[in-house]
Amino acid sequence: MNTKRPMIIVLVAVVALLVAFVALRPNTGSPSPATTSAATSTVQATSPAATAAPAEPATTTIVIRNGEPVGGLAKLSYKQGETVRLVVTSADTSSDVHVHGYDIDGALAPGKPARFDFVAKHSGRFEVELHPNTQIAQLDVVP
């Protein structure tokens, strides 16, 4: 019976080595279909493009006091195709706000802002002004 015990130990060691080899070997072949679908669904579930909402355009606010832009002439820069969101507010001025080159007007009154939301389709430099002739912003649209 003593001769069988060393054979059993050797047999158990060989089986353990085979299991370890199979479990730890590098994957050099193509993955099994189960592995492929699991990996694919994981990538799809965590892909930022699949879950991220489009970014909202930033809103620029220009404050008018005594008929002039607070802080001076606002410099606005956009790429062609971006959305321009502009709000002009005032507590003491009523006027029409005009975006040259886009022919967009908005009424401004104390407590009632003029709001603009448009796509920058035309490239160039455009004035934003209080009518009749006070420039409050410079709008640059680059291709």
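The values are calculated or read from the model by the stated rules, or taken from the named source; none is laboratory data. Remember, it's a predicted structure, so these values are computed and weren't measured experimentally. When we count neighbours, we look across all protein chains shown, and the Cβ atoms used for this are built from the backbone with ideal geometry, even at glycine.
Annotations
- The set of residues from the stretch 78-104 being within 13 Å of E129 (Cβ to Cβ), in contact (Cβ under 8 Å) with a residue 24 or more places away in the chain and acidic (D, E) comprises just one member, D96.
- Checking each residue of the stretch 67-74 against the condition of being under 24 Å from A55 (Cα atoms), exposed (fewer than 14 other Cβ atoms within 10 Å of the Cβ) and at pLDDT 95 or above gives no match.
- For the stretch 43-66, a residue qualifies if it is touching a Ser or Thr at 6+ places or on another chain (Cβ under 6 Å) and modelled with pLDDT under 95, and exactly one does: P57.
- Members of the stretch 69-107 found to be aliphatic (A, V, I, L, M) and within 21 Å of E56 (Cβ to Cβ), listed by number: A74, L76, V84, L86, V87, V88, V99, I104
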